[in-house]
1. Using Cβ-Cβ distances only, list the Cys residues of the chain with no partner cysteine under 4.7 Å, sorted by number.
2. In angstroms, what radius of gyration and Dmax does the range 174-271 have, counting Cα atoms only?
3. Which cross-chain or sequence-distant (5 or more) residues have an amide H under 5 Å from the amide H of Y160, H modelled 1.01 Å from N in plane?
4. Give me D for the range 186-243 in µm² s⁻¹, whole number, from Stokes-Einstein with Rh from the Kirkwood sum over alpha-carbon pairs, 10 °C and 1.306 mPa s.
5. For T241 and D96, compute 0.36 nm times the residue count separating them, minus their Cα-Cα distance, and round to one decimal in nm.
6. Using only alpha-carbon positions, what ratio does the radius of gyration of the chain give when scaled by 2.2 N^0.38 Å?
7. Relative to the longest principal Cα axis of the chain, at what angle does helix 198-209 sit, 0 to 90 degrees, rounded to 10?
8. Per residue, what volume in Å³ does the convex hull of the Cα atoms of the range 210-260 enclose?
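Bear in mind these aren't lab numbers, they're just calculated from the coordinates by the rules spelled out. Remember, predicted model here, so these are calculated numbers, not experimental data. Heads up, the Cβs are rebuilt from the backbone with ideal geometry, glycines too, and the neighbour counts pull from every protein chain shown.
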Amino acid sequence: MKQVKAKKQLGQHFLTDLGIARRIADTVDSCPDIPVLEIGPGMGVMTQYLKQKQRPFKVVEIDKESVEYLAERWPDFTPQVISGDFLRMDLTKVFDGKQFVLTGNYPYDISSQIFFKMLDNKELIPCCTGMIQREVALRIASEPGTKAYGILSVLIQAWYDTEYLFTVDENVFNPPPKVKSAVIRMTRNAVTDLGCDEKLFCRVVKTVFNQRRKMLRVSLKQIFNGTNPGSSEFFAHEIMTQRPEQLTVQQFVELTNMVESELAKHNQSPE
């Protein structure tokens, strides 16, 4: 069977180590008894192990050549192969509105977008596992006060418990990437309500981390406008001398409520 050629524009790096492929596939076992959706199966190195698990299973693949390869390799599996772009999919239709585990060897250049879509569908996705660029994995799993702690850390950790599982070297891929990879697992926590406006929470987190070296009293001014620049009392709060990487998720929730209250003084929309 003719091998699929890795396409640079799709960020394809095919995993060749079967032992690692099995280890990644087995990460879904921590969330049993629900369907699994694999993103970007390529030539099916992980798929072969995921297929062995006794649970509903589908894959989504944007590369037509890979879709044809999978159909030739496993003709009986063809109905479970979705040819399309995960980022454009309506995830409620994948398993008829049922929850599922998300997994895969994710394309590095869109991994953050994949996880933002996961967050938009967090009630459907109680668990997400897979392999990404090591630097992104460190960001997702990092704690406050560290260099890697940032937007992804806060937004994901607000809803998921994160685990950095293991590092993967470059030499187990074809072609080898220029960076190391890592396997992570994110499992929904018990939070059902953040206790603040979720959209404003995201806006506050993104705003302050876009100027991560500045104190909050400086970076937060972007949220206000000329008619309501924010009061001196608001910017005098003790938390305003902090930088974003010092705040826990709960402190970001509290900060969001402070911002919303300040915006409300002049009936300014939090959008």
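1. Among the cysteines of the chain, those whose Cβ sits 4.7 Å or more from every other are C128, C196, C202.
2. Final numbers for Rg and Dmax: 16.8, 57 Å.
3. The list, which skips near neighbours in sequence, is N189.
4. For the chosen part, D equals 122 µm²/s.
5. 47.4 nm
6. The chain yields a ratio of 1.13.
7. Compared with the principal axis, the helix lies near 80 degrees.
8. Working: hull volume 3.8 nm³, N = 51.
Considering the Cα atoms of the range 210-260, their hull volume per residue is 75 Å³.
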